[in-house]
Amino acid sequence: MKKDTILKNITKETIRDLLKYFIGLEIDDFEFLDIEFEKIESKKTDILVKSNEKIIHIEFQSTNDYNMPIRMARYFLEIYSRFKDFDIYQYVLYIGKQKNYMKNSIFTNSFKYEYTLIDTKSIPCDRFLKVDKPEALILAILCDFEDKDAKEIIRNILLRLYQLSKNEDDFKKYLLMLEELSTSRDLKNIVKEEEMGLQYLKWEDLPSYEIGLEKGMEDGFQKGIQKGIQEGIQKGIQKGIQKGIQKGIQKGIQKGIQKGIQKGIQKGIQEGIQKGIQKGIQKGIQKGIQKGKNLAMKEIANKLIITFNDKQKVADILGIDEQTLNELLK
């Protein structure tokens with residue numbers, strides 16, 4: 001998957017985050033425009049958005065193109081011909097590894113034109129590291145790490161992607177995107193090294209390394225759920241029988257001698273057992289899931305402690321405080 005395709009897909013999911021953190025522009029309602037400009041070689045823009053009375057045009061550029069001002073001016077004229085009553089905002093986001101040498105304007109005696117050119121390496125990566133969207137988080141790889149260690153930043157991105165991914169397939173998809181975008185910063189080797197460094201999590205089929213998703217977590221969930229269901233059913237049946245007998249006797253007596261104490265007892269027992277089993281299963285499943293999560297979290301925490309030997313850092317990675325971590329490790 002090429003970088004421009006990745007960025008187009010990411011932008012469709014995170015257009016508000018991209019505009020806010022890269023450009024400093026906040027929008028509410030919007031729609032993507034799918035327009036072909038027949039008079040331009042690149043007939044479609046990378047991103048074209050209509051929001052209220054604004055038209056927002058974005059191009060991603062990974063190399064220095066000295067004809068970029070002409071290309072953007074042609075886009076402007078085509079857009080203006082269709083949306084004369086709208087304010088038009090144009091941006092080029094430069095994601096290349098080389099220093100940017102492109103101009104962002106054309107000035108002659110009879111023609112003046114200008115657009116906004118942004119080098120993503122000038123944007124602090126912290127803006128995207130705090131976003132809880134995997135697609136937006138990936139964009140941090142294109143930004144300025146400032147004085148922070150690249151390995152630490154990339155390790156943070158990988159762990160956050162793992163936490164935010166809905167399933168294994170999503171996680172692998174995000175890693176492929178991250179690896180491709182990392183080539184714009186000459187960081188792909190470090191990304192791969194850090195992926196290898198996550199082997200203690202036993203993730204399966206990581207791109208390029210086939211490292212697996214944590215099997216211990218899955219085993220913990222299964223064992224916890226099974227044990228919880230068994231305990232819940234047993235307690236539920238016992239409680240249901242006792243409660244059913246009591247309700248049956250009371251209900252039978254109240255209905256009178258004519259309907260019989262025996263009938264009330266039998267009906268009460270049946271209703272009590274059914275309700276007790278249902279309630280026991282529900283509690284058992286809930287208890288099992290929670291126990292499974294705790295087992296999995298404890299296993300991951302122990303491995304992170306071995307790796308970093310720093311409880312506070314492990315607590316920060318897992319998103320809990322140190323007291324909760326200590327209780328988890330008991």
Kindly indicate whether any position in the stretch 16-27 is within 21 Å of I106 (Cα to Cα), free of Cβ contacts under 8 Å to residues at least 60 places away in the same chain, in contact with a strand residue (DSSP E or B) (Cβ under 6 Å, 6 or more places away or on another chain) and among the aliphatic types (A, V, I, L, M).
no
Residue by residue through the stretch 153-187, note down the ones that are under 15 Å from the mean Cα position of the chain (by Cα), basic (K, R) and more than 22 Å from T307 (Cβ to Cβ).
K166, K172, K173
Based on this model, can you work out whether K99 counts as farther than 30 Å from F171 by Cα and either within 25 Å of the chain's Cα centre (by Cα) or assigned to a loop (DSSP other than H, G, I, E, B) (or both)?
yes
Given the conditions (1) aliphatic (A, V, I, L, M); (2) out of contact with any Leu (no Cβ under 8 Å at 6 or more places or on another chain); (3) crowded, with 19+ Cβ neighbours inside 10 Å; (4) free of Cβ contacts under 8 Å to residues at least 40 places away in the same chain, which single one is not true for I40?
(3)
Sole exception among (1) farther than 21 Å from S184 by Cβ; (2) among the small types (G, A, S); (3) crowded, with 17+ Cβ neighbours inside 10 Å for G96, by number:
(1)
Could you grab me the full set of residues in the stretch 101-125 that are of a type outside the set (A, V, I, L, M), at pLDDT 95 or above, in contact with an Asp or Glu (Cβ under 7 Å, 6 or more places away or on another chain) and surrounded by 14 or more Cβ atoms within 10 Å (Cβ to Cβ)?
N104
Taking the criterion of being touching a residue at least 12 places away in the same chain (Cβ under 8 Å), assigned by TED's automatic domain parsing to the domain that holds F22, out of contact with any His (no Cβ under 9 Å at 6 or more places or on another chain) and among the aromatic types (F, W, Y), would at least one residue in the stretch 161-173 satisfy it?
no
Looking at E41 and the list (1) over 24 Å from R16 (Cβ atoms); (2) assigned to a loop (DSSP other than H, G, I, E, B); (3) in contact with a strand residue (DSSP E or B) (Cβ under 8 Å, 6 or more places away or on another chain), which single condition is not satisfied?
(3)
Quick check, is K166 surrounded by fewer than 19 Cβ atoms within 10 Å (Cβ to Cβ) and within 26 Å of I300 (Cβ to Cβ)?
yes
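Just the residues that are within 15 Å of I300 (Cα to Cα) and modelled with pLDDT under 55, please, taken from the stretch 169-217.
Scanning the stretch 169-217 gives K202, W203, G212, L213, E214, K215, G216, M217.
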Quick one: which residue in D144, D132 is touching a helix residue (DSSP H, G or I) at 6+ places or on another chain (Cβ under 9 Å) and surrounded by fewer than 15 Cβ atoms within 10 Å (Cβ to Cβ)?
D132
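Just to verify a result, which residue in the stretch 45-74, among those that are farther than 21 Å from R16 by Cα and exposed (fewer than 15 other Cβ atoms within 10 Å of the Cβ), is nearest to the chain's Cα centre (by Cα)?
T63
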Just to be sure before I move on: is N52 assigned by TED's automatic domain parsing to the domain that holds K39 and on the phi > 0 side of the Ramachandran plot in the structure I sent?
yes
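The values are calculated or read from the model by the stated rules, or taken from the named source; none is laboratory data. Since the model is a prediction, treat every value here as computed from it, not as a measurement. Methodologically, a virtual Cβ is constructed for each residue, glycine included, from the backbone with ideal geometry; neighbour enumeration extends over all protein chains shown.
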